[in-house]
Each structure stands twice: as C-alpha cells, then as structure tokens.
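Let me begin by presenting the structure, written as structure tokens, before commenting on it.
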Amino acid sequence: MGGDYAPEEIIKGAVLAAEKNNNDMEVILVGPKDVLDTELKKFKNSHLPLHYVESEGFIGENESPALTLSRRPNASIAVAFKMVKMGEADAVVGAGSTGALVASAVRAMGLVEGIERPVIGGPFFGIAPNTILMDCGVNVDARPSHLLTFAVVGSIYAKKLLNIDNPKVALLNIGVEENKGNRLTRETYQLLQKSGLNFIGNIEGNEVLSGRANVIVCDGFVGNILIKFGEGGIELIKGVLRNKANSYPLLRLFKRPFKVLTSAMFGENGINPGIGDGLIWGVDGVALKIHGASRAPDVAKRIAQAKLVVEMDVIDSLKSELAAIRSQLDLGKEQ
C-alpha cells in the first residue's frame, strides 16, 4: 500500500517478480483484502507462487509512525514484519514511509548487537555505481560510534553486493587534513583510523563522484542534502541535454534525440535519478525500502534483490565484521 503509484504498480511488480522467479521464491502481498482482490483480478496469477495476507489498514505518508503503530498494530507494514519475526517470511520490501518501515522493523526484529541506529544507503547515482553513501537521511543527529557502524555497513554492502574485495572507506569532510571539520568528524576520524577498515581519510565534496572511495560516510543531515542536490543537478543537466539534442539537425534524424545524446554520454541506461531506496541496515533481518516513485519493473527488481540478500547471509556477515571491529576497538567497555 506504500508508494506514489500504490497499490497498482506495487502489485503488478509483485506479479512480475513471481513470474520471473517461479521456481524458488514466494511473494506475499500484505494489505486490505478488498484492494488486493480487486487488483489481483487483473492478472492470471493462479499458477504463480503468490498469495496475500490481510491487514487492518496501512500507515500513510503523513502519519506519525510510532503513534500509528501503537494505535494500529495490525497495519500492513507491521503485519509484514511480524511475519518475518515469526519465520513466516524471510524479508520485507516496502515503498511507503521510511519512518514507518524503520519503526516497524526495529519494533518487530530489533537491532543487530553493536548497532544503535539503523541506516539506509547505497550507490551514488548511476554515474558512480561503485561509490556508496552512508547515511542518506535516517540519522540527522549522529555520534562518532554511529558513523563507525555506518562505515562497517558500507563495507559489507560493497563486499557482498558490489563484489569489491577491500572497499576504500572515506569520511565526508570540508578538508582532507585529519584535524578538519567539526567535533563529530574529528572524533569519527580517530575511530575509523583504528577500526581495521580500509580507511583512506577525509574526502571533500568535489571528489564524491570521482571513484576514489567506495564507501563515503557522513551523518544523515549532510547525506540527505547531498543526494537531494545531486538529484536536482541531474534533472537540470537532463533539461540542458534535452534542449541541446533538439537543436542539432543531425540528432533530429533520430526519433528520440534526447535518449541518443544521454546514451552516448552516460551509457544505454542513462542516469539513475537517486538513492531513494536500499536496505535498512542495522535491523536484525532483511528489510528493503523501495523508492516511492518506483514502477512495476523496479518493484520486481527490488523483490529479487531482497531474495539475493537473504541467500547471501548479508546480515550474518554484518554481525561478524561488526563484532570483530568492536573487539579491536574495545567499544563494548565504553558503552
């Protein structure tokens, strides 16, 4: 029930995922029975490993997650996470409110030992696919120990999902020198230096897309501003390219001159518009947030990605690496 185009595109995406993974994955839709019955009638799905579980309503974008979950414990997202907790499902995928997803995940599954705050992050647009940004906006007030765990999470992400053996970790700052920045970044720098991660020091904003670092760490306040600026900048560039494409006589020979020009510059897939989705790292289970503007093909891809994360035991890898780093830093005695 979450997302800009719910429930139609979400359910269509679930059907697509079930069709593509017919032999080894079951998709369970959670939501109001009348809505699900109406939408599923549009598809021939009786042969698919797809069924639904009824819930009592859902949490809207403008509702307080904590308050609404207390009042409506059987809302769709809460029911979905309860199913994972009870072993009736392996992962939750949702396109609704990030706050509701995070609050429901933490309430049902708890946090991995050693992680105080969940975090969302991922590759920084299509033009820097091997650069991960952590945090993208969940934690606007963070401590050095939080940023350390963000770095660990980013490293596991890069190793498991991007196949980077020894990810380079950098701290986003206003200068490359060790003593630059505010108290948060200076203290985080010291923790990262001792962590055993492949920490390469500070990185400035002009090098975010350079590929110098595989994992860039910052608090959610800075991270969210950065990705929103990037999204706006890309939309501006696309507008300029569109005008240029239409003004060149040779490009007019093509039916879609804008696509021709962007493909030439950025590849056939163009530019990924942003980091509006990703795993909710830190919760003790697999939870994946989909961008609210996702259409059915993207929904199907994210469901398949959640399946992959389950199969690769990413959560267990996070627990092991985090425990090793905490032991090295002796953080257990500090907290």
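Among the listed pairs LYS82/LYS301; LYS12/LYS228; LYS20/LYS301, which have their C-alpha atoms separated by more than 20 angstrom in this model? Those over the limit are LYS82/LYS301; LYS12/LYS228. Amide H to amide H, with H built 1.01 Å from N, ASN202 comes under 5 Å of LEU171, counting only residues 5 or more places away or on other chains.
Under the rule of at least 5 residues apart or a separate chain, name every residue whose amide H is placed under 5 Å from the amide H of LEU29. Close amide H contacts, sequence-distant or interchain: HIS51, TYR52, VAL53. The loop-placed GluC sites (Glu not before Pro) in region 7-58, going by DSSP, that have at most 14 neighbouring Cβ atoms within 10 Å of their Cβ come out as GLU26, GLU56. Count Lys and Arg as plus one, Asp and Glu as minus one, and take only other residues whose Cβ is under 15 Å from that of ILE164; the net charge is then +2. Around the amide H of GLY121, modelled in the peptide plane, lie the amide H atoms of LEU279, TRP281, all under 5 Å away and 5 or more residues distant in sequence or on another chain.
Backbone N atoms of region 209-245 closer than 19 Å to the 7 Å Cα→Cβ label point of ASP141 belong to residues 218-225. Cross-link partners of LYS159 among aspartates and glutamates, defined as those whose alpha carbon lies under 18 angstrom from its own and excluding same-chain residues fewer than eight positions apart: ASP135, GLU311, ASP313, ASP316, GLU321. Counted as membrane-span-like here are DSSP H helices of the chain whose alpha-carbon atoms extend 30 Å or more along the helix's own axis and whose Kyte-Doolittle mean is -0.5 or above; these are 220-247.
In the chain, helical runs assigned H by DSSP with n ≥ 4 each contribute -39500 (n - 2.57); averaged across all residues and rounded to the nearest 500, the mean residue ellipticity at 222 nm is -14500 deg cm²/dmol. If I take R0 = 25 Å and measure r between the Cβ atoms of ASN74 and GLU231 in this structure, what FRET efficiency does the formula 1/(1 + (r/R0)^6) give, to the nearest 0.05? Efficiency at R0 = 25 Å is approximately 0.10. Within the shell of other residues whose beta carbon sits under 10 angstrom from the beta carbon of VAL176, the net charge comes to -3, with Lys and Arg scored +1 and Asp and Glu -1. Straight-distance candidates among the aspartates and glutamates for linking to LYS42, with alpha-carbon spacing under 14 Å and chain neighbours fewer than 8 residues away dropped: GLU8, GLU9, ASP34. Given axes a ≥ b ≥ c from the Cα gyration tensor, I'd like to know whether the chain is rounded (a/c under 1.5), prolate (a/b larger than b/c) or oblate. It comes out oblate by the Cα gyration axes.
Each value in this text was obtained by applying a stated rule to the coordinates, not by laboratory testing. Worth saying up front: this structure is predicted, and the values here are computed from it rather than measured. All Cβ positions, even for glycine, are placed from backbone atoms using ideal geometry, and neighbour counts span all protein chains on display.
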